[in-house]
Protein chains: 4
Amino acid sequence: MMSTASFRALHDQLRRQVPWGACDRRGALGHLTAERVAAAAGEVRLGRTVTLAAPLASSGPDNPEPGARHMKRLPGEPSDVPGVSFAADQLVMNVHGDVDSHIDALSHVSYEGTLYNGVTTDVVTSQGASELSIDDVRNGIAGRGVLLDIPRLRGVSWLEPGDHVSVAELAAAEAAQQVHVGPGDVLFVRVGHRRRRAELGRWNVAQSRAGLHPDAMEYLAERQVAALGSDSNSDTAPSVVEGVAFPVHVLAIHALGLHLLDYLQFDDLVPACEAAGRWSFLCVIAPLRLPGGTGSPVNPIAIF
Amino acid sequence: MMSTASFRALHDQLRRQVPWGACDRRGALGHLTAERVAAAAGEVRLGRTVTLAAPLASSGPDNPEPGARHMKRLPGEPSDVPGVSFAADQLVMNVHGDVDSHIDALSHVSYEGTLYNGVTTDVVTSQGASELSIDDVRNGIAGRGVLLDIPRLRGVSWLEPGDHVSVAELAAAEAAQQVHVGPGDVLFVRVGHRRRRAELGRWNVAQSRAGLHPDAMEYLAERQVAALGSDSNSDTAPSVVEGVAFPVHVLAIHALGLHLLDYLQFDDLVPACEAAGRWSFLCVIAPLRLPGGTGSPVNPIAIF
Amino acid sequence: MMSTASFRALHDQLRRQVPWGACDRRGALGHLTAERVAAAAGEVRLGRTVTLAAPLASSGPDNPEPGARHMKRLPGEPSDVPGVSFAADQLVMNVHGDVDSHIDALSHVSYEGTLYNGVTTDVVTSQGASELSIDDVRNGIAGRGVLLDIPRLRGVSWLEPGDHVSVAELAAAEAAQQVHVGPGDVLFVRVGHRRRRAELGRWNVAQSRAGLHPDAMEYLAERQVAALGSDSNSDTAPSVVEGVAFPVHVLAIHALGLHLLDYLQFDDLVPACEAAGRWSFLCVIAPLRLPGGTGSPVNPIAIF
Amino acid sequence: MMSTASFRALHDQLRRQVPWGACDRRGALGHLTAERVAAAAGEVRLGRTVTLAAPLASSGPDNPEPGARHMKRLPGEPSDVPGVSFAADQLVMNVHGDVDSHIDALSHVSYEGTLYNGVTTDVVTSQGASELSIDDVRNGIAGRGVLLDIPRLRGVSWLEPGDHVSVAELAAAEAAQQVHVGPGDVLFVRVGHRRRRAELGRWNVAQSRAGLHPDAMEYLAERQVAALGSDSNSDTAPSVVEGVAFPVHVLAIHALGLHLLDYLQFDDLVPACEAAGRWSFLCVIAPLRLPGGTGSPVNPIAIF
């Protein structure tokens, strides 16, 4: 268990390493320079694309407030429109809902009275976030994606809920997979959440969830990672920090300005990596344009 | 004005050119082979990304049933979660709403009792589309994007509502822009809708709208285009076909199996093309994973 | 266990007793004549009003797709409106959701290819019910309400899930409570669902639920009841009829044209009845005006 | 034009007349004593019920963010449920949306930093109103309703947008209609909004709307009215008070604790009053049970 004081010290130390200045609103995406975007396109050789998102989840122990897609209009019904009829639907969903694949904007997390980079929480009103909203990422995130597969490293099918990924394991996974996480990479860490869910059924992820150890954020800062995604939500439950419930969210989003991608699915990606013989790829993440939004549902695409 | 009979003949002629067989469910995306995806990555040189989507539209004459993003939780309020607080929101929106940027699945259009490729309309029930849903495109669309800018060709700011783009103009735009639309390309046709909207204000697009002439679908079929996007919805209003309201939708989606992208915005893309000195780019389109969905909101990303 | 054939015979026998003719769309509300409405007002002596609805339910084992009320605007935030600010919210909910208090329109149930009174199911399209919608009850239901309290009769706190109320028990409750159910009455039958829920916690009501035995519908027909409400949904789970899942819904709504009120709460009503020394009252039910709706959330009010 | 200072003086004067004490949360409903509720039942003689609500409004110039009722399930489709199938729908709507019939809770209006009776605005958070919510009215409002028909008094079809009802006119309408508004009455004031809308079409009610003059609130206070409803929203647009946009809302809700009912429809009520030969009736208002809600859609029922 990490003490509250140690956590705050870690937070502040990470905060001091952020090089972007007081007016920055993009956070770690600053590591994703144009050169690195262009270089990432070199990852594409096979012309194969793979989704990193899961289907909109139905109700269950891990999704108590499920979204829904309803039909507004069915084809073949009487219609005002001559010569053609349309099927159409409506979408209702929580942007940050467990366990739907989504991206967190930098306005998502408040810690000790501020958002990322000291922005005051009152920029978020009932009308949305006037700063640090997901629309700041309207041009998308395109960069080199790297998947570190921790269950593969351990020789297990998944990490049990409550377990965490250490810094040492991230380094060991790099070595085992012969890939090096570097500046501007979008790092994906697999804990096997979706596989466990598929095999054992759904459980209350608010109470128990595998994730990263907060220490791992030092590694991400050092490697100058641009964004972090997981098939869990990156944070363990219960928390390993005294008095702070989502320490990885706080360190990643609030201290480092890292956009988090939660509840992705890597079960299509792993075999694609195996088939390609490598664990890196061009990754494109395209949040919806939701002005004021504190996040967005997403379907990140890996291209090999 | 094209007669209903001529339209049907055009539809059937296009239908006969589709080479994918009776079981096909991907339509013109079949033109986007792995080789072409891989080649499209070669378009990336500058490392610059640009959104092709517009912000979620508010209510107005062109959006009578606007979507909304509501706050579910504000930062800084009393919370059950120790040491951190979250901002979170909920999204409610029509998938095919004018004038929000979206992609149409092949189940969106019914013509003479069937969907694309003879699939019966009863695959779409109140529970969604069991075939031809947008989740068939879960792995996204990555390919070479090409923008043809018709107002630029004509030397005007925009096409007036009701006006249409002819085949000859598409060819002329290619020549003027020194770009050739070829097999597997994602074609974007700009009519200047967003610019007119920004300068003159909003109007009822259901009644008057610039778009493509139905003949242009022959050109798209011949060029083996993989998907078609527009800053309008590709169809003119009023229709130029007697008794058929959305002829381009019918020909593109129903006859050719072309996914349509409606109400995109190219006002960021045009200067990016100018700066890059070319009208082609890598384009990545990532629909949300909505099983059964007849479309999805999207934010297509152009990468130079 | 009642056989499918016996059930159909019971259904047809009830159907034959309905006196309203082939064009009727109001069903058993026909029993609620103006004279009976006027007489029901005589129930009011104390001037006390009591809700028969439960609060909008949150997510839980008995409500897998909960509704939500979100804030659209908070007071005290910067606003365009001079001199005043408003709090406002938005409502998203399933009309027939377990376990929210609601009324079923006569279009809610389809049995052997028709709705109530032989109306074909194709009157219900994606645009709603063009016949038998809840807007047919726009003027509300005002009549004498009678509560029969079955747990009180049995001397228990509640009926266990799966248990059912027999015809004999309805008659015995009348005798014990010294009340007679008669023509035009709105009958409420308490099984103690809400009390069990409050004391033992929530459970999956789709799988196990106390309710009425289908035979009880004969009693309701004979007594010429105008509408039926319960703190459960009137049907037991599992069903006591072979091959028919909601036999009371079918008999009540489809055969008799009885509007059902599901998931009411009587925990405020019981002490009010006790205080008043009687089990009848003026009852007013005011569905929202949802044209095409197959039901509505409601808050029935008892007035003593 | 009333000055801001005069308005504040009027507000404070009304505020001082409120007799309920510092802990009161029910406001003017305190005038609706049990005796008065019981007496109101004496209004029922004919046994006729009439809706005072309008159907859920579609999109238009007066309803830029319309609610919607969508089908979740259609009858006759393949279903998991044996022997029966259901039609079901979902409701999405703004609680206070123009021009849907609704009731305002006392938490709806904030003026000079407080809600009704000095309650601080921070009781309303993103989670709803912890005080003064509409669930405080869960037992409904049952009392004598009185309709004053101002267009009838003036011999016109409706009041033009921007026009207002004076105190003198309220008194004149009483005299002309031979009805006296007294303690505990629910007062309905007709300005003819719905009739104008039906005949001339919809217009932007945010900009121009007939309503009551703020002075009328003195009359309501003196008469000890329990609640106020209108076919408009009671306030004129533009406002007749300098610097205060909704003066009647402020005086009624904030100063007097009067629940307001907005955008009702009286086109069914007027002929019912004429047929009954009187302008008073039993009125029952049953808000939905929305804990934390700042209002609710309603369908008030008049019973003659």
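The values are calculated or read from the model by the stated rules, or taken from the named source; none is laboratory data. Note that the structure is predicted; figures quoted are calculated from it, not measured. Every residue, glycine as well, gets a Cβ built from its backbone with ideal geometry; the counts of neighbours run over all protein chains shown. Side chains are part of the model used for accessible areas, which takes the heavy atoms of the whole protein and leaves out ligands, DNA and RNA. Shrake-Rupley method; radii C 1.70, N 1.55, O 1.52, S 1.80 Å.
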Problem - Check on A:PHE304, within 15 Å of A:HIS11 (Cα to Cα) and of a type in the set (Phe, Trp, Tyr) - result: no
Completion exercise
Inside segment D:160-183, the number of residues satisfying the requirement of being out of contact with any strand residue (DSSP E or B) (no Cβ under 9 Å at 6 or more places or on another chain), within 26 Å of D:PHE304 (Cα to Cα) and not in a helix (DSSP H, G or I) is 2
Practice task
Output the number of the condition that A:SER157 fails; it satisfies all remaining conditions of (1) assigned to a helix (DSSP H, G or I); (2) surrounded by fewer than 21 Cβ atoms within 10 Å (Cβ to Cβ); (3) more than 14 Å from every other protein chain (Cβ to nearest Cβ); (4) out of contact with any Phe, Trp or Tyr (no Cβ under 6 Å at 6 or more places or on another chain).
Solution key: (1)
Practice task
Collect the residues in segment D:194-206 that are in a helix (DSSP H, G or I) and more than 15 Å from D:PRO55 (Cβ to Cβ), keeping them in residue-number order.
Solution key: D:ARG195, D:ARG196, D:GLU199, D:LEU200
Handout entry: Test set (1) touching a residue at least 12 places away in the same chain (Cβ under 8 Å); (2) of a type outside the set (Gly, Ala, Ser); (3) crowded, with 18+ Cβ neighbours inside 10 Å - D:VAL84 fails condition number
Key = (1)
Practice task
Scan segment C:87-98 residue by residue and report those that are buried (at least 24 other Cβ atoms within 10 Å of the Cβ) and in contact with a Phe, Trp or Tyr (Cβ under 8 Å, 6 or more places away or on another chain).
Solution key: C:HIS96
Completion exercise
How many residues of segment D:255-277 are in contact (Cβ under 8 Å) with a residue 40 or more places away in the chain and on the phi > 0 side of the Ramachandran plot? The answer is 2
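Can you give me the number of residues within segment D:122-151 that are charged (D, E, K, R) and free of Cβ contacts under 8 Å to residues at least 40 places away in the same chain? Quick ask: steps written out before the conclusion?
Narrowing segment D:122-151 to residues charged (D, E, K, R): D:122, D:131, D:135-136, D:138, D:144, D:149.
Next cut, free of Cβ contacts under 8 Å to residues at least 40 places away in the same chain only: D:122.
Residues meeting the conditions: 1.
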Exercise for the section: Sort out which residues of segment C:137-150 are more than 10 Å from chain D (Cβ to nearest Cβ) and in contact with a Leu (Cβ under 8 Å, 6 or more places away or on another chain), and write them in order of number. Expected result: C:ARG144, C:GLY145, C:VAL146, C:LEU147, C:LEU148, C:ILE150
Problem - Residues being more than 21 Å from the chain's Cα centre (by Cα) and either within 7 Å of chain A (Cβ to nearest Cβ) or farther than 22 Å from D:GLY60 by Cα (or both) - total across segment B:44-64 - result: 5
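Quick check on this structure: which one of B:ALA302, B:ALA210, B:ALA252 is open to solvent by less than 10 Å² (accessible area, probe 1.4 Å), touching a helix residue (DSSP H, G or I) at 6+ places or on another chain (Cβ under 9 Å) and free of Cβ contacts under 8 Å to residues at least 40 places away in the same chain?
On the way: B:ALA302 fails: free of Cβ contacts under 8 Å to residues at least 40 places away in the same chain; B:ALA210 fails: free of Cβ contacts under 8 Å to residues at least 40 places away in the same chain.
Going through B:ALA302, B:ALA210, B:ALA252 in turn, just one is open to solvent by less than 10 Å² (accessible area, probe 1.4 Å), touching a helix residue (DSSP H, G or I) at 6+ places or on another chain (Cβ under 9 Å) and free of Cβ contacts under 8 Å to residues at least 40 places away in the same chain: B:ALA252.
For C:GLU77, are the conditions met, namely being touching a strand residue (DSSP E or B) at 6+ places or on another chain (Cβ under 8 Å) and over 26 Å from D:ILE285 (Cβ atoms)?
Numbers: touching a strand residue (DSSP E or B) at 6+ places or on another chain (Cβ under 8 Å): yes; over 26 Å from D:ILE285 (Cβ atoms): yes.
In short, yes.
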Exercise for the section: Could you check how many residues of segment A:73-100 are more than 7 Å from every other protein chain (Cβ to nearest Cβ) and either modelled with pLDDT of 95 or more or within 18 Å of the chain's Cα centre (by Cα) (or both)? Expected result: 4
Completion exercise
Counted residues in segment D:85-143 being assigned to a loop (DSSP other than H, G, I, E, B) and among the acidic types (Asp, Glu) come to 4
Problem - Any chance D:ASP262 is away from chain C (no Cβ under 11 Å), open to solvent by less than 10 Å² (accessible area, probe 1.4 Å) and either within 16 Å of D:LEU212 (Cα to Cα) or not basic (Lys, Arg) (or both) - result: yes
Completion exercise
Given (1) touching a residue at least 24 places away in the same chain (Cβ under 8 Å); (2) of a type in the set (Ser, Thr, Tyr); (3) open to solvent by less than 30 Å² (accessible area, probe 1.4 Å), C:SER3 misses just (3)
Exercise for the section: Select from segment C:50-61 the residues that are in contact with a strand residue (DSSP E or B) (Cβ under 9 Å, 6 or more places away or on another chain) and open to solvent by less than 20 Å² (accessible area, probe 1.4 Å) and list them in ascending order. Expected result: C:VAL50, C:THR51, C:LEU52, C:ALA53, C:ALA57
Practice task
Select, from C:HIS31, C:HIS70, the only residue that is touching a residue at least 12 places away in the same chain (Cβ under 8 Å), within 30 Å of D:ASP89 (Cα to Cα) and facing another protein chain (nearest Cβ under 7 Å).
Solution key: C:HIS70
Exercise for the section: Just give me the residues in segment D:269-303 being in a loop (DSSP other than H, G, I, E, B) and more than 8 Å from chain C (Cβ to nearest Cβ), in sequence order. Expected result: D:GLY277, D:ARG278, D:TRP279
Problem - Residue among B:ARG190, B:ARG195 that is surrounded by fewer than 23 Cβ atoms within 10 Å (Cβ to Cβ) and touching a helix residue (DSSP H, G or I) at 6+ places or on another chain (Cβ under 9 Å) - result: B:ARG195
Completion exercise
When segment C:222-241 is checked residue by residue, the ones that are open to solvent by 10 Å² or more (accessible area, probe 1.4 Å) and over 20 Å from C:LEU147 (Cβ atoms) are C:PRO238, C:SER239, C:VAL240
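Quick check on segment A:230-245: of everything there that is within 14 Å of A:ALA210 (Cβ to Cβ) and touching a residue at least 60 places away in the same chain (Cβ under 8 Å), which residue is farthest from the other protein chains (Cβ to nearest Cβ)? Give the derivation first.
Taking segment A:230-245 first, the residues within 14 Å of A:ALA210 (Cβ to Cβ) are A:230-240.
Retained after the next criterion (residues that are touching a residue at least 60 places away in the same chain (Cβ under 8 Å)): A:233, A:236-238, A:240.
Working: A:ASN233: 12, A:THR236: 14, A:ALA237: 11, A:PRO238: 11, A:VAL240: 12 Å.
The qualifying residue farthest from the other protein chains (Cβ to nearest Cβ) is A:THR236.
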Practice task
Return yes when B:GLN13 is closer than 27 Å to B:ALA245 by Cβ and outside any loop (DSSP other than H, G, I, E, B) and no when it is not.
Solution key: yes
Handout entry: Count of residues meeting criterion [under 16 Å from A:ALA286 (Cβ atoms), more than 7 Å from chain B (Cβ to nearest Cβ) and surrounded by fewer than 24 Cβ atoms within 10 Å (Cβ to Cβ)] in segment A:123-136
Key = 1
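Every residue, every condition in (1) under 19 Å from A:PRO82 (Cβ atoms); (2) within 15 Å of the chain's Cα centre (by Cα); (3) modelled with pLDDT of 95 or more, yes or no:
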position: B:ARG196; (1), (2), (3): no, no, yes
position: B:TRP203; (1), (2), (3): no, no, yes
position: B:ALA210; (1), (2), (3): no, yes, yes
position: B:SER232; (1), (2), (3): no, yes, yes
position: B:GLU242; (1), (2), (3): yes, no, yes
position: B:LEU256; (1), (2), (3): no, yes, yes
position: B:ASP262; (1), (2), (3): no, yes, yes
Handout entry: Among (1) more than 25 Å from C:HIS249 (Cα to Cα); (2) part of a loop (DSSP other than H, G, I, E, B); (3) without any contact (Cβ under 8 Å) to a residue 24 or more places away in the chain, the one test that C:ARG45 misses
Key = (3)
